[in-house]
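See structure below.
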Amino acid sequence: MAKARVIIKRRKAVRNIKKITKVMQMIATSRYQKAYKRATGAKPYVQKIAEVLGSAVQALEADAKTVDHLLLRPPSSHEKKTALLVLSSNRGLAGGYNGNVLRLASHTLKDLDAANDSPDLHISGKKGAAYFRFQKRPIKRSYTTLGDNPKFAEIEKLADEFMQAYIAGEITALKIVYMRFISAGQQKPVAIDVLPLSSIAGSTKTSSKTVTHFEFMPSAEALLDELIPTTVKLTIFQAFIEAAVSEQIARMVAMKAATDNAEKMGKKLTQDYNRARQSQITSELSELMGGVEAMK
């Protein structure tokens, strides 16, 4: 009887866990829908900004003018000091989401150290901050209030701080490590270069068939003064919202797997309980028959 009681308690605990993981899966699914709409809704705007920026650069090159902006210039300091922004989550139970991002961040830091760089580590999310504190890696600044639904105003302020630090020479580059959202079934940890933007002029040299040519009013130079900082802000914002939707997908998949495992475990425990109960009944019947035979 003792074994059957233990199985009953375990089965009850598994059922409670199943209810919790099922609810967490539903919450992650709801948050995923909102995050997905934001991530896919922002992409056309980002692409159009990039198209206008490329056309402005081409217009200047057609007039034999150079693209000159503080954010495009290489750093004046010979000492390398890259700001590395790592986007992790505030909560766990998201499968391998944080592990994959933090593993890539560690490799990126090792590569920077090998290149005689002195990187400043900026962490978004409590999980990333806890990981690098455990690794005894100095953290320049951590951000734990952005949450699952980052606002553009918050990211704009963060981007302005990085741009001002780059212009002032406090940092020589900006990298972001995050989970890129490719599709609902595919996400990939990546490390992208945000500053300096010296690659813009080269990357936008495409054929006239793929780039729309615009007539600029005001001039292309004045427009670039607005477009280049906007590009930096949108790049950082896009990374945050793609990280948010990737996190919800990872949590949704992890909770779905946990719910399925709890259901399988519950069925197995039910079978074990039935076997234990059957064995107990057989033993009781054997004792009863033995007592009857002894009384004859």
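Readers should treat all values here as calculations from the given coordinates under stated rules, not as data from a laboratory. These numbers come from a predicted model, not from an experiment. All Cβ positions, glycine included, derive from the backbone under ideal geometry; neighbour counts span all protein chains shown.
Some observations on this one:
- Across segment 128-152, no residue has a backbone nitrogen under 11 Å from the label position 7 Å along the beta-carbon direction of D160.
- Local charge for T235 was computed over the other residues whose Cβ lies under 13 Å away, with Lys and Arg +1 and Asp and Glu -1, and equals +1.
- In this simple spin-label approximation, Y45 and S30 carry label points 7 Å from Cα along the Cα→Cβ vector, and these lie 2.5 nm apart.
- Scalar couplings 3J(HN,Hα) for segment 136-144, obtained by applying the Karplus form with A = 6.51, B = -1.76, C = 1.60 to θ = phi - 60°, are 6, 9, x, 10, 5, 7, 10, 10, 10 Hz; x denotes Gly and Pro.
- Mean Cβ neighbour count within 10 Å, used as a protection proxy, ranking 234-245, 155-166 highest first: 234-245, 155-166
- Gain upon complete extension [K80, F152; 0.36 nm per residue less C-alpha separation]: 23.0 nm
- Here M295 and K12 are evaluated by their C-beta separation; at R0 = 45 Å the FRET efficiency comes out at 0.65.
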